[in-house]
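Before any comments, here is the structure.
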Amino acid sequence: MTSGHHQGGLEVVVGSMFSGKSEELIRRVRRAVIARRTVQVFKPAIDDRFGIELVRSHDGDTFVARPVRSSAEILALLSPETSVVGVDEVQFFDPAIVGVVRDLVADGRRVICAGLDLDFRGEPFGPVPTLLALAERVDKLEAICVVCGESATRTQRIVNGVPAYYDDPIIVIGAQEAYEARCRTCHVVPRRARSGSAATSETASPERVSSAEPRD
């Protein structure tokens, strides 16, 4: 990698789905372009909801992004003159993304990562907790709970009209048809009943246990 850039730094923008993470990433990289910085944005190839080579917010804002299948591809595709690097949906990247980000920052680049800090179960998501700890700047955005209207920090996965089970796959790409923003109280993640036992369910948050309707 080349040197000669300004002092590097890491910024991490997190929150639930529909909290404006990608919108904020787009806003920052657009400002960098206005400031005549060379910008590259990367996204995981697994996320093709809004087009293969675009970062797009749920409000419709877009910015050109390079899809990659692994974090190592970011270094291989990086231009020497790039001084600002954006990474969207960073929770989907492999653990090596932490080392890639460290290298970029050490080389004097400004790195802006955006992604979910919690998975649908309400637990820390992939490499994001480590990136939060390493960042110079952290912004945790909130959405609006679709159930009660309070501030939402959780992402509720819905399958066939009811909450997904705790042991369902963690990564399932979707948008409004599969996910909702919810507050801690309204966020429900049922556990499957064990064979021969009564059917009970609990939320992902250890503070609350509740019943849930059986799935069709």
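Quickly run through the range 84-122 and pick out the residues that are free of Cβ contacts under 8 Å to residues at least 40 places away in the same chain and in contact with a Phe, Trp or Tyr (Cβ under 7 Å, 6 or more places away or on another chain). Scanning the range 84-122 gives a single hit, GLN91. Please verify whether ASP119 is within 30 Å of GLU81 (Cα to Cα), in contact with a Gly (Cβ under 9 Å, 6 or more places away or on another chain), at pLDDT 95 or above and among the acidic types (Asp, Glu), treating the condition exactly as stated. Judged against the criteria, ASP119 is not a match.
Cβ separations smaller than 8 Å between residues 6+ apart or across chains give the following pairs from the range 123-152 residues that are of a type in the set (Lys, Arg) to residues that are assigned to a loop (DSSP other than H, G, I, E, B): LYS140/ASP117; LYS140/THR153. From the list VAL29, VAL41, VAL85, the one residue that fits, being β-branched (Val, Ile, Thr), more than 14 Å from the chain's Cα centre (by Cα), at pLDDT 95 or above and not in a strand (DSSP E or B), is VAL29.
Among the residues here, GLY108 qualifies as among the small types (Gly, Ala, Ser) and touching a Gly at 6+ places or on another chain (Cβ under 6 Å).
The values are calculated or read from the model by the stated rules, or taken from the named source; none is laboratory data. Keep in mind it's a predicted model, so treat the numbers as computed, not measured. In this analysis, Cβ positions are derived from the backbone assuming ideal geometry, glycine residues included, and neighbour counts consider all displayed protein chains.
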